[in-house]
Amino acid sequence: MPDQFIEFTTDKQFVERVRELKTIEVMIRMYCIHHHAPEPLCAECGDLFEYAQRRLQRCVFGDAKPNCAKCVVHCYNDAMREKIRIVMRWAGPRMLLRHPVLGIRHMLADRKPIPVLPSKRHGS
């Protein structure tokens, strides 16, 4: 049987979204462990993370997406936007102590220019 190798590659198209997803996951996990239970994620926080993951995957800006606080498109519904805002306000300052690399990269991403909203494509 010939040797089988798994080639690990990084799709450059999604690097920033993967970083942002990891940051959101860490923030929600930190918040949940402190406020709800010592379990990894309660049902409410698990639902919030799944929602954030779906929104991030469907972002119209793709990898040029700014941080959510600076975004011109608010893709979260009102209730989820309030929940994620509470989580980020609590976990944001603690990121620099517990996850300094993610925290610094998130702060640097906040300095990126806000992209122009892509125009809608019209079918021919």
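Every number in this text was worked out from the coordinates using simple rules, so none of it is lab data. Only a predicted model underlies this, so the values are computations on that prediction, with no experimental measurement involved. A quick note on method: Cβ atoms are made from the backbone with ideal geometry, for glycine too, and the neighbour counts reach across all protein chains shown.
Rounded to the nearest 0.05, what FRET efficiency do residue 111 and residue 44 give with R0 = 30 Å and r taken as the Cβ-Cβ distance? Could you check? Don't skip to the end; give the middle numbers.
Working: r = 32 Å, r/R0 = 1.06.
With a Förster radius of 30 Å, E is 0.40.
Please find the FRET efficiency linking residue 58 to residue 90, where r is the Cβ-Cβ separation and R0 is fixed at 30 Å, and quote it to the nearest 0.05. E(calc), rounded to 0.05, equals 0.70.
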